[in-house]
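So the structure is just underneath, and the comments pick up after that.
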Amino acid sequence: MARGDLSGKILKLFREQPAGFVSGALLSRELGVTRAAIWKQVERLRQRGYQIEAVSSKGYQLLETPDLFVADELAADLGNTRIGRQLVCFEDTDSTNVQARRLAEDGCADGTVVIADRQTAGRGRLGRGWVSPAGVNFYGSIVLRPPIPAVEASQLTFLSAVATREAIAACGALLPTMKWPNDILLLGRKVAGLLNELDAETERVNFVILGIGVNLNMTADQFPADLRYPATSVLLETGTPVLRLTFARRLLQRLDHWYQHYLQDGFEPVLRAWEEGCDLVGSEVEVDCRGILRRGTVTGLDSDGALLLRTAASPRERILAGDVRRLS
Ligand code: BT5
């Protein structure tokens, strides 16, 4: 459902009258359509799980909202944020990153967000897939157009990790940890993955797409048996289901906070927050750099987000991309 369509506008008017009925006459006047058209939309909303009471002398009353990604619902509590000023929600799509790229190429605004209930071709890195069943998780992509040179674009991966970690932490008592560069773990199991894509010329970024997948209410039987690393969901770790709409709002707010901070103060604060959440420093690791294995002790992150290793060959080896496996 796109932000601003008829059913979205009806929901907005319901929300403005949270304690009472909204008459069919008022709805039809405000929205400039017939009362029959309003009735048809109300029926559609009911089919999607909205509980709407209709009383002939009074009108309609919204009793319960389902946990679906609806642009107007999401926008309601976002306030005046840059992230989410344009929101597109799909019930079904191939990949939110693909859709976000399409919008970005058509010139969409900085901060545009694409969210889906389900992805049929969810993407991981290096041609891998992302398992994306309906109704349980968060799959979203954010288009950013920061005024930075292309070489700094990888900093935004860390920004999205910090914001996602905070949004997950707010779901329960557990504090996730970061795994360089793009995984977020709960008790050592992958709960979220990030896939950031860049479109740039040498001197400047045209756009970056922050792809974020978070396993919220996924159950054990929904994970395939052949995952690369142990995986989990917030529900599996905390025992409490997460309201996806609330999670999505919180995530967009955290992203907005960190993006503003980044544009004003640069990468340093993001890097510090990322390091705070990472428990790799001092550990012995093996990094698979597209088939070439590097082994060493993690000494920290460089100012551009590269992983720093002390190896047998060098006291300061910079790793720009790869899969990290902890050995100690
Ligand atoms: C990632 O790749 O971790 C990036 C995942 C990004 C997904 C989001 S969802 C919204 C947006 N739209 C997209 O199409 N993608 C982004 P990578 O590090 O390559 O990990 C992929 C590997 O993780 C797979 O090969 C599986 O082994 C495993 N995996 C797949 N689905 C998973 C899931 N739901 N939870 C945990 N692990 C998973």
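Once region 202-252 is narrowed to residues that are small (Gly, Ala, Ser) and within 11 Å of the ligand (Cβ to nearest atom), the residue that is surrounded by the fewest Cβ atoms within 10 Å (Cβ to Cβ) is Ala225.
Filter region 178-201 down to residues that are of a type in the set (Gly, Ala, Ser) and open to solvent by less than 40 Å² (accessible area, probe 1.4 Å), then give me how many there are. Residues in region 178-201 being of a type in the set (Gly, Ala, Ser) and open to solvent by less than 40 Å² (accessible area, probe 1.4 Å): 2 in total.
Selection of first residues in region 8-35 that are in contact (Cβ under 8 Å) with a residue 60 or more places away in the chain and of second residues that are outside any helix (DSSP H, G or I), restricted to Cβ pairs under 7 Å at least 6 apart or on distinct chains, gives the following pairs, ordered by first then second residue: Gly8/Met1; Gly8/Val70; Leu11/Val70. Test Phe138 against the criterion of being buried (at least 21 other Cβ atoms within 10 Å of the Cβ) and either more than 13 Å from the ligand (Cβ to nearest atom) or of a type in the set (Asp, Glu) (or both), and give yes or no. Taking the combined requirement at face value, the residue does not satisfy it. Scanning region 105-121 for residues that are more than 20 Å from Leu252 (Cα to Cα) and either of a type in the set (A, V, I, L, M) or near the ligand (Cβ under 7 Å from one of its atoms) (or both) gives a single hit, Ala121. Glu91 falls short of the stated requirement of being under 27 Å from Ala134 (Cα atoms), in contact (Cβ under 8 Å) with a residue 12 or more places away in the chain, more than 24 Å from the chain's Cα centre (by Cα) and surrounded by fewer than 20 Cβ atoms within 10 Å (Cβ to Cβ).
Conditions (1) on the phi > 0 side of the Ramachandran plot; (2) open to solvent by less than 90 Å² (accessible area, probe 1.4 Å); (3) in contact with a Ser or Thr (Cβ under 9 Å, 6 or more places away or on another chain), marked per residue:
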{"site": "Ala19", "(1), (2), (3)": "no, no, no"}
{"site": "Glu30", "(1), (2), (3)": "no, no, no"}
{"site": "Val33", "(1), (2), (3)": "no, yes, no"}
{"site": "Gln41", "(1), (2), (3)": "no, yes, yes"}
{"site": "Leu45", "(1), (2), (3)": "no, yes, yes"}
{"site": "Arg48", "(1), (2), (3)": "no, yes, yes"}
{"site": "Ala54", "(1), (2), (3)": "no, yes, no"}
{"site": "Lys58", "(1), (2), (3)": "no, no, yes"}
{"site": "Gln61", "(1), (2), (3)": "no, yes, no"}
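Selection of strands (runs of 3 or more DSSP E) fully inside region 240-324 by the criterion of at least 2 residues being free of Cβ contacts under 8 Å to residues at least 12 places away in the same chain and not assigned by TED's automatic domain parsing to the domain that holds Lys179 returns 292-301.
Residues in region 154-177 that are in a loop (DSSP other than H, G, I, E, B) and open to solvent by less than 10 Å² (accessible area, probe 1.4 Å): 1 in all. Looking only at residues in region 290-301 that are open to solvent by less than 30 Å² (accessible area, probe 1.4 Å) and hydrophobic (A, V, I, L, M, F, W, C), which one is modelled with the lowest pLDDT? Across region 290-301, the extreme among qualifying residues is Leu301.
The values are calculated or read from the model by the stated rules, or taken from the named source; none is laboratory data. On a predicted model such as this, the values are computed, not experimentally measured, just so you know. Cβ atoms come from the backbone with ideal geometry, glycine included; neighbour counts cover every protein chain shown. Heavy atoms of the whole protein, side chains included, go into the accessibility calculation; ligands, DNA and RNA do not. Shrake-Rupley method; radii C 1.70, N 1.55, O 1.52, S 1.80 Å.
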